[in-house]
Amino acid sequence: MPKQIGSSIRMEHPPKVTSYAAIVGSKEGEGPLGRCFDRVEQDPYFGEKNWEKAESRLQSDTLALALRKGILHNADLDCIVAGDLIDQCTGSSFAVRETGVPYLGVYGACSTMAEALLTAGILTDSGCCRRAAAVTSSHFSTAERQFRFPLSYGGQRTPTAQWTCTASGAAVVSATGEGAALSGGCIGRVCDLGVTDANNMGAAMAPAAADTIQRYLTDTCTKPEDYDAIVTGDLGNVGSPLLIDLLLKQGIDISKVHKDCGMLMFDDKAQDTHAGGSGCGCSASILCAYFLPKLHSGSLRRILFAATGALLSAMSPQQGESIPTISHLVELTA
């Protein structure tokens, strides 16, 4: 059974991430990690009639690929834990509706992959499931339509704005088998330091990442140098240095091991993505395409994956609300 240590969680019998897959869009495939993804789709509609159906297809294809790589079928899953950015997580609900697998829809904005992995890990370690899948996705066009302006509007993006990735990641978490071990985690707390600029997500989310990472290091009596990498979701070029500064004020220096998926996804000079990548699929796809393979090969031995999310709605900034944020964390070991 999972055990609580302070405000963190340790798995008694750490489940394994036995198979995983990542599919991205064409812009993401042109980035520095383009060759790492299982598939780069050139059609932004993924063969569908609208953006929302495209995202559901993206997510269902990624889950199917993760299962196929693990020589598994839908019937081998006891649960799917999934979420996305579309209203009521319809991207995920529509993606899994024909699988016949029990489904938990979760929402943590761009932190959803870490939340889904932690939930899947708890379910398998507790004995409630033998095998559960953690899945999430985002699509540039669905996010732009919901949170900002219609694409045809052609609005100017500010320098602090990030580019929502068209990407999906899926990972199968099993009680037995081979793969990276999900050995612990930390459920995030909602943090809000009063940032109101919806085009500056990095600044809004950095405090949440700092809070979760600090709590986990304290609870587990570990230091940044105990890990090969401390990976954040999508703080980007603005939020990443803020995270380092916030932790330095607490006497924690992660600068030598910190990696941010929002900074890894794109070449900011060549691709003009301003402050970097974002979206549920950003950290999920990079985890499944880059970090999990390195854990599998042994080139990385121990990492923290702390995805970050901004919990605003399309309406809340128009009502003068600040942006509450959260960061969930999982520890993965080779």
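Bear in mind that the values in this text are calculations on the coordinates, not laboratory data. This one's a predicted model, so the numbers in the text were calculated from it and none came from an experiment. Here the Cβ positions follow ideal geometry from the backbone for every residue, glycine too, while neighbour counts run over all protein chains shown.
Across the range 164-242, the relative contact order, built from alpha-carbon pairs under 8 Å that are at least six residues apart, equals 32 percent.
Which of the trypsin sites (Lys or Arg not before Pro) across the range 214-266 are loop residues per DSSP, with 15 or fewer other Cβ within 10 Å? Provide the component values of the computation, followed by the final result.
Details: sites: R215, K249, K256, K259; in loops: K249, K256.
Sites meeting the loop and neighbour criteria: K249, K256.
Excluding same-chain residues fewer than 8 positions from K27, which lysines have a Cα within less than 17 Å of its Cα? The qualifying lysines are K269.
Under conditions of 4 °C and 1.567 mPa s, the range 180-333 yields 83 µm² s⁻¹ as its translational diffusion coefficient, taking Rh as the Kirkwood radius over Cα pairs in the Stokes-Einstein equation. Dipole orientation for the chain: of the candidates C191, I303, G262, I303 has the Cα lying most toward the positive pole (charges on Cβ; Lys, Arg +1; Asp, Glu -1). Label the range 1-84 by shape, choosing from rounded, prolate and oblate, from the square roots a ≥ b ≥ c of the eigenvalues of the Cα gyration tensor; if a/c is under 1.5 it is rounded, and otherwise prolate applies when a/b is larger than b/c, oblate when it is not. Prolate, since a/c reaches 1.5 and a/b exceeds b/c.
Close amide-amide hydrogen proximity is noted between R39 and A22, V24, each under 5 Å apart and 5 or more residues distant or on a separate chain (H modeled in the peptide plane; Pro and chain starts excluded). Hey, quick one: spin label on K3, modelled 7 Å out along Cα-Cβ, who in the range 202-236 has an amide N within reach, i.e. under 18 Å? Residues 216-222 qualify, since their backbone N sits under 18 Å from the label point.
With +1 on the Cβ of every Lys and Arg and -1 on the Cβ of every Asp and Glu, and nothing else charged, how large is the dipole of the chain about its Cα centre, in debye rounded to the nearest 20?
I would put it at about 480 debye.
Computed from the Cβ-Cβ distance with R0 of 22 Å, the FRET efficiency linking L248 to D226 stands at 0.80. Distant-in-sequence amide contacts of A180, defined by a placed amide H-H separation under 5 Å and a gap of 5 or more residues or a different chain, comprise V17.
Between Q42 and D267, what FRET efficiency comes out of the Förster formula 1/(1 + (r/R0)^6) with R0 = 22 Å and r the beta carbon distance, rounded to 0.05? Each step should come with its number before you reach the end.
Working: r = 19 Å, r/R0 = 0.85.
For R0 = 22 Å, the calculated efficiency reads 0.75.
For the range 180-333, the relative contact order comes to 38 percent (Cα pairs under 8 Å, sequence separation of at least 6). Within the range 114-244, the proportion of Cα pairs with more than 20 Å between them is 59 percent. Entry note, the chain: relative contact order of 25 percent, from Cα contacts under 8 Å with a spacing of 6+ residues.
In a simple Cβ point-charge model (Lys, Arg +1; Asp, Glu -1; nothing else charged), the range 180-333 has a dipole of about 380 debye relative to its Cα centre.
Can you divide the C-alpha Rg of the range 3-174 by 2.2 N^0.38 Å and report the result to two decimal places?
Details: Rg = 16.6 Å, N = 172, 2.2 N^0.38 = 15.6 Å.
Against the compact-globule rule of thumb, the ratio is 1.07.
Every Cα-Cα pair of the chain was included, and the share exceeding 26 Å stands at 40 percent.
Sorting the segments 104-115, 221-232, 66-77 by their mean number of nearby beta carbons within 10 angstrom, highest to lowest, gives 104-115, 221-232, 66-77.
Only lysines eight or more places from K249 in sequence, or on another chain, were considered; those with a Cα closer than 16 Å are K223.
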